[in-house]
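Asks: Submitted below is the structure of interest, expressed as structure tokens.
The values are calculated or read from the model by the stated rules, or taken from the named source; none is laboratory data. These numbers were taken from a predicted model, which means no experiment stands behind them. In this analysis, Cβ positions are derived from the backbone assuming ideal geometry, glycine residues included, and neighbour counts consider all displayed protein chains.
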């Protein structure tokens, strides 16, 4: 069983994480993680902070000769924007942890709260995620993500892979992944990317911000992760927990759950077929689906189809043109 | 810290749960839980099973003289539909745990999987939830739920409570709750209820099924539940985990997160005001919001507003007019 | 990962447990568990309660056709000594949870505390343990226990198995196990058993009670359970936690840790030898030890030798001739 | 709820820990922790490594202006003895994690195992413990430890504090603590200290090693920590888990559990008295005990008396004059 803790404030000395439970013998290097960190820092309309930090990870423990040894892996990212003293802030920003945080932690300054509630924390999570991705690669599981919408600009639904074979589906999605990486906003459609860029420019001009919806897809999933047997061990529940724990995420769905909730069962559930040619092969291989409306999870268990999970992010609450708020000093 | 485990199969002897961590001195009786169980069994278009079972709970432990004593509470619901032998089933239903389950648990019969993956498990969860609700009542926290949509029939957005005072909002929502309880489908709007009933009748005729979206609202929430400090302890993440762990639920959002993701930040984040008259009162009381787009959670922490969480349920996968599937015997 | 919760009071309706995480396909029946329960109720000098209850378990869930199906197993033991009303008790017994318990749970009656703190809870733990033992049998792991001392009567140290082969050691210990089962007090030595019986009779006459030391031995252990890598996952730490969680147990040691702490390292650590004949076999088989002072665990990891763990139990605090205490009513 | 993870190898770049769940507002500084680290490095007969490292902690996160802010605290101790390349070792030391570790983690070199299994890990645990001690100080809880025996040299039992008042007991133990700090081996008795030093010298000459028994005492404990209600939440079980998780510790007892197991109940259980003068005061204050054989825990709950826990450490397995072992290369 994996576990990890993260630590670190936005302008503190460093962000750190300790990962428990990795097996021995996994190849791991800082460069692999740094590539993920650089990918995090790209993105049209990124904040000034993104330009200051060029995040580089240090692996402080857990390796020998480039291989994990079964001991905890400690990751550290130094903050270039470290500041010893940050002036007191007393106006809580709507949409932030500010107001609830100072009440909970009995503060008269918002900084101690906002320093930890900052999106900067996601840098070390990306580093932890890169380690996880490296581990999953051992099982040929590939994970990628792309952007479905930014503000009101939403790309058209992409067609479900029309092919029956597992390998064909993987190819279809890897092609999508490649397109996403070519976009400044990781949107698979160039036309939509342009509209999204314009929407961002427009929001910036107004001192406003935007949210959006993204999709994470895991390919080459084995059958049988998660279970219907115990409420706390369903794969969908665990993934919802993980995605919703990312700052700013307020909605999660497996596949297109919201759309599916408006359709009759006959149009949603993924029919099951035998692959006549390979009838004697291992069941999971000789059985196939065409559709994947379930997003790869049935009854809380992975069913071998790509696992598809979407997250809805709220518009960033730090606005250049701020909303009405109060000043705690008055 | 609370914890609970549930056990029991659909046609097994009983459903049971053990709840760990309740304090001593909480009033609890079977009737209170039975009321919640009866409420679960109402609902237009309910299955035949619902008519067979009139669920009654037995509290096997944890009480003395009607008060909890700090020890684990064991709940038991006998299954009236107990069956010793259930004929083997070999055609996995699309949308169910059937196919993944038999591969994971190495079965050649779907029954051992479907017996546990059944929605019947929610009966004991409702009983556990009733105990939780009783506990929360000690803090004046009231929880209710209502149905937003069934299939394509969706009720219009209800207006956000226009009043500023906490008590006014509570009154507004309690009124909604009352309306929901008067509907055969727990929809707050009678017109929409009729349309939903018709949609259900229509689906039944076709041997089809429907899903929908529901909303759970917690009133009188204190400020400060959950935290922005630790990824695994954010209130929104924990609620998403709990909601997504219910069989059939495939999407979760806090407030109207999906709609909010398409709006600019200036229209989403809830402005903060001082209540001039009570300026010297406890901060959380003298500060108010008009809107509650955040669904009562900012930065993973409850902010004192009603906590609003929505779940999207897939159409029930057991269809009278079944979809294409395979027979594992062939 | 296994987990279990127990519930039930001494004179409540029933004791129950839910076990989470068992695999599918394990043979399990009530008779197997009942044998363990009967074994628990034997023992020279047992209390009157033991004579009233002839514990029988009901397996309420988790099985089909005598095999587990991967779902939670719920166990229930009815209390024959169920009592609706138990008169209030206000004199806390020294050595019991009574006094701390009523302060913690804010009670003016000891019953709600002592009903749960009772040794009766160990009945359902024995049932859970029987399920665990059945699971371990799949891996040929056999667990038995015997009594080292009762009060001041202690049996002589039994010689460490002098043989080098794993199978010889297993035979040696199985022989011990058989001897233990023949004793009224599960002591492997008949002479010592008699002295222990006399000590018990003597204590009874004086209205006094005795404690003692027992030893649990697990045979055919694989190499590699537990780890030195994470503080919370060391096998010795997890076993100490489990043993110390049994009511009345106040001390735990792996092997003869207390004696070993007084010896030089050269007399404690178990030398490692190669078995020349089987040099090409799997390492764990071709390597052997003669001694097992480590009690089968080195660095928090099982080393393939029998795991030996001892528990020290305090004298039972309920004395026929009670100690000085107070009356909370005065 | 507290949680922490540690990371780091003996000759790696650094040892680190992340602590989750500290409240905001706790004063914390590196000097406080460094004092505990220096205390760890004292001790007669310490290894050469101890002389190389002068451990200093860096607090990387969790503080603002010297106060915790509720976010995770990350601690880092740099290793002065950092080595990029460590020659391969193929002879597993009896008593170490070496042999089991390389089998479990599939290594042909002992270094990756022994680097993490090293006692060096206790440095960062001492740092975490210092943070815990600082937190407990807020509740006036003071924790100290002293050495009962080293090898065969054991100090005489110290008399139980003969006084009835809580404050008198605290004074008695604080006096013991002071004596322990004056000893080169933290033994409260100067005569015994000398004998222990001689035993260490003697073992060193022979290339041998010694173990011993220590005692940890927590003063000013509140009533009610831990519970008899849930098997996994008993204070004694949790403490046994924590103590046994320290490398080298193989035995744990609450109070003098092993001695007590040989005595009749009438001589073990701590009688309860009313303090006539303060009859109207809060119960826990007006009630008192003279003895504390229970070691401050009854029924898994702290009873307000000093909590006393002992650990038995095995002789260090690294011997200058090594034991018989094998070479994995042959």
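Asks: Quick one: in the range D:215-237, which of the residues that are over 21 Å from residue D:288 (Cα atoms) and part of a strand (DSSP E or B) is nearest to the other protein chains (Cβ to nearest Cβ)?
Replies: By that ranking, first place goes to D:215.
Asks: Evaluate the range A:196-203: report whether one residue or more is outside any helix (DSSP H, G or I), within 14 Å of another protein chain (Cβ to nearest Cβ) and either modelled with pLDDT under 95 or surrounded by 14 or more Cβ atoms within 10 Å (Cβ to Cβ) (or both). Steps first, answer last, please.
Replies: Of all residues in the range A:196-203, those outside any helix (DSSP H, G or I) come to none.
No: zero hits.
Asks: Could you list, in sequence order, the residues of the range A:171-195 that are within 16 Å of residue A:152 (Cβ to Cβ) and exposed (fewer than 15 other Cβ atoms within 10 Å of the Cβ)? Walk me through it before giving the result.
Replies: First pass over the range A:171-195, keeping only residues within 16 Å of residue A:152 (Cβ to Cβ): A:185, A:187, A:189, A:191-195.
Listed by number, the list holds a single entry, A:191.
Asks: Restricting attention to the range A:172-195, which residues are under 22 Å from residue A:36 (Cα atoms) and assigned to a helix (DSSP H, G or I)?
Replies: Listed by number, the residues that qualify are A:173, A:174, A:175, A:176, A:177, A:178, A:179, A:180, A:181, A:182, A:193.
Asks: Which of the residues that make up the range B:307-330 are within 17 Å of the chain's Cα centre (by Cα) and either under 26 Å from residue B:208 (Cα atoms) or modelled with pLDDT under 95 (or both)?
Replies: From the range B:307-330, those within 17 Å of the chain's Cα centre (by Cα) are B:307-316; that's our starting set.
Answer for the range B:307-330, where residues must be within 17 Å of the chain's Cα centre (by Cα) and either under 26 Å from residue B:208 (Cα atoms) or modelled with pLDDT under 95 (or both): B:310, B:311, B:312, B:313, B:314, B:315, B:316.
Asks: Another question about this same structure. Filter the range C:204-214 down to the residues that are touching a strand residue (DSSP E or B) at 6+ places or on another chain (Cβ under 9 Å) and part of a loop (DSSP other than H, G, I, E, B) and list them by number.
Replies: Initially, the range C:204-214 is screened for residues touching a strand residue (DSSP E or B) at 6+ places or on another chain (Cβ under 9 Å), giving C:210-214.
Correct list: C:210, C:211.
Asks: To continue, here is another question. I'd like the full set of residues that are free of Cβ contacts under 8 Å to residues at least 40 places away in the same chain and buried (at least 24 other Cβ atoms within 10 Å of the Cβ), limited to the range B:219-237. Step through it out loud before you land on a result.
Replies: Applying the first criterion (free of Cβ contacts under 8 Å to residues at least 40 places away in the same chain) to the range B:219-237 yields B:229-232.
If the condition is that a residue be free of Cβ contacts under 8 Å to residues at least 40 places away in the same chain and buried (at least 24 other Cβ atoms within 10 Å of the Cβ), then B:229, B:231 are the ones that fit.
Asks: Just to be sure before I move on: is residue C:119 touching a residue at least 24 places away in the same chain (Cβ under 8 Å), surrounded by fewer than 23 Cβ atoms within 10 Å (Cβ to Cβ) and within 24 Å of the chain's Cα centre (by Cα) in the structure I sent? Even if it seems obvious, please write down each step before you answer.
Replies: Details: touching a residue at least 24 places away in the same chain (Cβ under 8 Å): yes; surrounded by fewer than 23 Cβ atoms within 10 Å (Cβ to Cβ): yes; within 24 Å of the chain's Cα centre (by Cα): yes.
In short, yes.
Asks: Based on what the data block shows, is residue B:293 farther than 20 Å from residue A:245 by Cα, in contact with a helix residue (DSSP H, G or I) (Cβ under 6 Å, 6 or more places away or on another chain), touching a residue at least 12 places away in the same chain (Cβ under 8 Å) and more than 7 Å from every other protein chain (Cβ to nearest Cβ)? Walk me through it before giving the result.
Replies: Values: farther than 20 Å from residue A:245 by Cα: no; in contact with a helix residue (DSSP H, G or I) (Cβ under 6 Å, 6 or more places away or on another chain): yes; touching a residue at least 12 places away in the same chain (Cβ under 8 Å): yes; more than 7 Å from every other protein chain (Cβ to nearest Cβ): yes.
Spelling it out, it is not the case that residue B:293 is farther than 20 Å from residue A:245 by Cα, in contact with a helix residue (DSSP H, G or I) (Cβ under 6 Å, 6 or more places away or on another chain), touching a residue at least 12 places away in the same chain (Cβ under 8 Å) and more than 7 Å from every other protein chain (Cβ to nearest Cβ).
Asks: Next question, about the same structure. Of all the residues that make up the range B:257-269, how many are touching a strand residue (DSSP E or B) at 6+ places or on another chain (Cβ under 8 Å) and crowded, with 23+ Cβ neighbours inside 10 Å? Reasoning before the result, please.
Replies: Narrowing the range B:257-269 to residues touching a strand residue (DSSP E or B) at 6+ places or on another chain (Cβ under 8 Å): B:257-258, B:260-262.
Still in the list and also crowded, with 23+ Cβ neighbours inside 10 Å: B:257, B:260-261.
Qualifying residue count for the region: 3.
Asks: Collect the residues in the range C:245-264 that are at the interface with chain D (Cβ under 7 Å from one of its Cβ atoms) and in contact (Cβ under 8 Å) with a residue 60 or more places away in the chain, keeping them in residue-number order.
Replies: Of everything in the range C:245-264, those that are at the interface with chain D (Cβ under 7 Å from one of its Cβ atoms) and in contact (Cβ under 8 Å) with a residue 60 or more places away in the chain turn out to be C:250, C:251, C:252.
Asks: Would you confirm, using the coordinates I've provided, whether residue B:240 is crowded, with 18+ Cβ neighbours inside 10 Å, part of a helix (DSSP H, G or I) and within 9 Å of chain A (Cβ to nearest Cβ)? Give the derivation first.
Replies: Numbers: crowded, with 18+ Cβ neighbours inside 10 Å: yes; part of a helix (DSSP H, G or I): yes; within 9 Å of chain A (Cβ to nearest Cβ): yes.
Considered against the rule, which asks whether it is crowded, with 18+ Cβ neighbours inside 10 Å, part of a helix (DSSP H, G or I) and within 9 Å of chain A (Cβ to nearest Cβ), residue B:240 comes out as yes.
Asks: Give the residue that is farthest from the other protein chains (Cβ to nearest Cβ), with candidates limited to residues of the range A:144-153 that are surrounded by 18 or more Cβ atoms within 10 Å (Cβ to Cβ) and under 22 Å from residue A:177 (Cβ atoms). Show your work before the answer.
Replies: As a first pass, look at the range A:144-153 and keep what is surrounded by 18 or more Cβ atoms within 10 Å (Cβ to Cβ): A:144, A:146-151, A:153.
Subset that is under 22 Å from residue A:177 (Cβ atoms): A:144, A:146-150, A:153.
Working: A:144: 20, A:146: 15, A:147: 11, A:148: 9, A:149: 7, A:150: 9, A:153: 9 Å.
Per the criteria, the residue is A:144.
Asks: If residue A:37 satisfies all but one of (1) touching a residue at least 40 places away in the same chain (Cβ under 8 Å); (2) within 14 Å of chain D (Cβ to nearest Cβ), what's the number of the condition it fails?
Replies: Of everything listed in (1) touching a residue at least 40 places away in the same chain (Cβ under 8 Å); (2) within 14 Å of chain D (Cβ to nearest Cβ), residue A:37 misses just condition (2).
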